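Quick notes on the structure that follows.
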Amino acid sequence: MRAVGSIDDDRREPAADLTFLCLMMAEDFLVREYRHPVAAALALAARGVTGLERPAFAERFDRTEDEVAATEGGSVAFTDLPVEVGDLLESSQKYDLLQLADLDRAFSRLAVRSSLESASWTQGQFAGLAVYAGASSRR
Amino acid sequence: MQKHTHDDGARRSDDRSRVTELMARIVDGDEAAFFTLVDEFDRRVAYNVRQIVTDMGRRDILADEDEMGGLVTDAWLVVRERAGGWSPDGGAMPWRWAHRAILHRVSEVVGHRTSPLPDDDGVEDESWSPTGDGDDLILTRLRNDDPRLALMLTTLKDNHSERDYLIVVEYLQQQSFGDPSPSHTVGRLYGVKPDNARQIYHRARKRMRQLAADDPALESLRDFWWLAA
């Protein structure tokens, strides 16, 4: 804590926002029709934390390369990600997992095609503005 | 003058071979290597960005941790976009090699975030209408119907530029409408790049979380879905 009047400079060195980079990658994967784009981005980020190439990463965590490739290719759901993915990202303290989980939920909702479900989700999530806007999605 | 030691030289050589390896992996499609590169060399890029912003005379930006972090992130995106064109034979590290492109990106971002919106910046008036025109009316009505949402919007508005506020609200609306790519829609509406729209949204949320955590008056927002999720 800095005392009032202190001349300490507690400004931190600026750093890249790795969560944001992860979000961007997930959006790319969504466009490329990955089944689980956020989980894929997280798996890649987790391996990025280790700095290892895929074979070495698989060996270190006692996985097959195919398993790692499947996870990074978006075949594994967010909730089914191997435990090391969460552990690595958490320990790096550079990723906001809540935000990433939120994006995963948002992407999952896109798959809901029922107008009834979509409507109730819209009301639940952003009750108010969506109603007042009274417009459909502009794409 | 800074004294260079043998260790400095060895470290530079190690860094160069590590960067070369990671860049090659990125170009080969190993996306994990990009995260590693950012993790290991972020300070170098941050230093470059700090120099650029200093040269631009923007001390206000230098003092803003969020803005600086965003610019460093932007610089990394430039490096990633151009990874295929970099060669270790050129002698410069990727962020030095891409300096002009990074400078351009920083100028673009700093310019639009901090300057008043001119009349002739290419954003047509109707682009501002979706949530902007009826904004006060909406807030008044919301205060009765959903006070927490009203508080969230008021706080958002008070702590951001008008443009950023509108971009965030529009982004939220597009998400709620099921738009699979809100950043592109909002980008088109407000005349900003999708990356910038995404970043403005992302930072606003981060800032709002911090405000809610720090300010007892905003305690009710701490578990508000947008900030708590």
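The values are calculated or read from the model by the stated rules, or taken from the named source; none is laboratory data. For clarity, every value in this text was computed on a predicted model and none was experimentally measured. In this analysis, Cβ positions are derived from the backbone assuming ideal geometry, glycine residues included, and neighbour counts consider all displayed protein chains.
Could you tell me whether any residue of region B:163-180 is at pLDDT 80 or above, of a type in the set (S, T, N, Q) and assigned to a helix (DSSP H, G or I)? No: zero hits. In region A:9-101, counting only helices (runs of 4 or more DSSP H) that sit wholly within it, the ones holding 2 or more residues that are free of Cβ contacts under 8 Å to residues at least 12 places away in the same chain, hydrophobic (A, V, I, L, M, F, W, C) and farther than 14 Å from B:D30 by Cβ span A:18-31. Among the residues making up region B:57-83, those that are in contact with a helix residue (DSSP H, G or I) (Cβ under 6 Å, 6 or more places away or on another chain), under 16 Å from B:R44 (Cβ atoms) and not charged (D, E, K, R) are B:L71, B:V72, B:T73, B:A75, B:W76, B:V78, B:V79, B:A83. The set of residues from region B:98-109 being surrounded by fewer than 20 Cβ atoms within 10 Å (Cβ to Cβ) and more than 11 Å from B:N48 (Cβ to Cβ) comprises B:R100, B:A101, B:H104, B:S107, B:E108.
Of the helices (runs of 4 or more DSSP H) contained entirely in region B:49-158, those carrying at least 3 residues that are within 11 Å of another protein chain (Cβ to nearest Cβ) and at pLDDT 90 or above fall at B:65-81. Can you pull out the residues in region B:35-44 that are in contact with a helix residue (DSSP H, G or I) (Cβ under 9 Å, 6 or more places away or on another chain) and either at the interface with chain A (Cβ under 7 Å from one of its Cβ atoms) or surrounded by fewer than 18 Cβ atoms within 10 Å (Cβ to Cβ) (or both)? If the condition is that a residue be in contact with a helix residue (DSSP H, G or I) (Cβ under 9 Å, 6 or more places away or on another chain) and either at the interface with chain A (Cβ under 7 Å from one of its Cβ atoms) or surrounded by fewer than 18 Cβ atoms within 10 Å (Cβ to Cβ) (or both), then B:F35, B:T36, B:V38, B:D39, B:E40, B:D42, B:R44 are the ones that fit.
Every condition in (1) over 18 Å from A:T19 (Cα atoms); (2) surrounded by fewer than 23 Cβ atoms within 10 Å (Cβ to Cβ) holds for B:Q174 except the one numbered (2).
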